[in-house]
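Taking it in order: structure first as structure tokens, then the write-up.
Rule-based calculations on the coordinates, nothing more; no lab input. Bear in mind the structure is a predicted one, so any value in this text is a computation, not a measurement. For neighbour counting, all protein chains shown are included, and Cβ atoms are generated from backbone atoms with ideal geometry for every residue, glycine included.
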Amino acid sequence: MIKLYLTPSTRAGRVAWLLEELNLEYELEVLPFSKEGLKSPEHRARHALGRVPVIEDGDISIFESGAIIQYILDKYGDNGLKPDVQSNEYPYYLQWLHYCEGMVMPPMNQIVVHTVLLPPDRRDETVLSQAKNLLSKSLKPVNANLEGKDYLIGEFSAADCMLGHSCFMANRFGAVNEDMENIKRYVSNIESRPAFQKAIALGTESNDPLG
């Protein structure tokens, strides 16, 4: 059985969401957002930088949410959440799967640092403003792509677990402008999914750095 190490309001939610969508049994260990939780010697043995998600599957221990999602789909079956490699949708599935970490998350990371992680006296409003501007620009192609679609490639896929989770977090931070109506609708579609609702609530009784 897969064991997932998760901290609330992190990329680990993507993996939990996929596991719930696939209806796979898994063991969960919630790590608090603290030095004792993420930077402990035990967890650093799993991830040298003390981050999540990490999964253990038998003798295998891997990190990086995109790699974990690809591993789960390939090993346990995708149940229709990954288009056939010969289909017209497959290249776009890959594109949005990787767009998440390539374009959306770098500025979002800066927003988290300068609104949550750093103490107020060390936060830089210039850096924060630049990050919000870049995030807005990064989301515009996503908004355009969602015109007339419920999900990134039409039908729900694992790409939504990656990029959709980031859109949800961006909206939570107030970074999705009101004119991005397609992303607003997309986030609403995501929030209505029972698997997402269960995954996003995991561990919320623990210390949630994003409230």
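Things worth noting here:
- Cα-centred dipole magnitude for the chain, charges only on beta-carbon of K, R (+1) and D, E (-1), debye, nearest 20: 620 debye
- Candidates SER166, TYR93, ASN143 compared by Cα position along the dipole of the range 90-193: farthest toward the positive end lies SER166, with charges placed on Cβ.
- Among VAL30, VAL176, VAL116, the residue with the largest mean-square fluctuation in a Gaussian network model of the chain, with springs joining Cα atoms closer than 10 Å, is VAL116.
- Backbone phi angles across the range 54-60, fed through the Karplus curve with coefficients 6.51, -1.76 and 1.60 (θ = phi - 60°), yield HN-Hα couplings of 10, 10, 10, 9, x, 7, 8 Hz in residue order; Gly and Pro are listed as x.
- Each label point was placed 7 Å from the Cα along the Cα-to-Cβ direction; for TYR76 and PHE173 their separation is 2.8 nm.
- Percent RCO, i.e. relative contact order, over the range 90-193, from Cα pairs under 8 Å lying at least 6 residues apart: 31 percent
- Amide H contacts of VAL54 (H built 1.01 Å from N, in plane; Pro and chain starts excluded): TYR5 sit under 5 Å, all sequence-distant by 5 or more or on other chains.
- Assigned charges on the beta-carbon of Lys, Arg, Asp, Glu; the range 90-193 dipole about Cα centre (debye): 120 debye
- Long-range HN-HN contacts of LEU81 with modeled amide H, under 5 Å: none
- With at most 14 neighbouring Cβ atoms within 10 Å, loop GluC sites (Glu not before Pro) (DSSP) excluded, longest segment of the chain: 26-146
- Where trypsin sites (Lys or Arg not before Pro) fall in DSSP loop in the range 107-211, at most 16 other Cβ within 10 Å: ARG123, LYS149
- Net charge of neighbours whose Cβ lies under 10 Å from the Cβ of GLU89, counting Lys and Arg as +1 and Asp and Glu as -1: -1
- The relative contact order of the range 1-159, computed from alpha carbon pairs under 8 Å that lie at least 6 residues apart in sequence, is 19 percent.
- DSSP-defined antiparallel bridges as percent of all bridges, the chain, nearest 5: 65 percent
- Calculated P(r) tail over 20 Å for the range 90-193, as whole % of Cα pairs: 36 percent
- For GLU89, the amide hydrogen comes within under 5 Å of no other amide hydrogen, counting only partners 5 or more places away or on other chains and with H modelled in the peptide plane.
- When each of LYS137/LYS184; LYS132/LYS198; LYS82/LYS149; LYS3/LYS198; LYS132/LYS184; LYS39/LYS198 is checked by Cα-Cα distance, pairs over 20 Å: LYS132/LYS198; LYS39/LYS198
- Anisotropy class of the chain from Cα gyration tensor, a/c 1.5 cut: oblate
- In sequence order, calculated HN-Hα J values of the range 77-83 (Karplus, 6.51, -1.76, 1.60; Hz; x Gly/Pro): x, 8, 6, x, 8, 9, x
- Kirkwood-Stokes translational diffusion coefficient of the range 34-80, alpha-carbon pairs, 4 °C, 1.567 mPa s, µm²/s: 112 µm²/s
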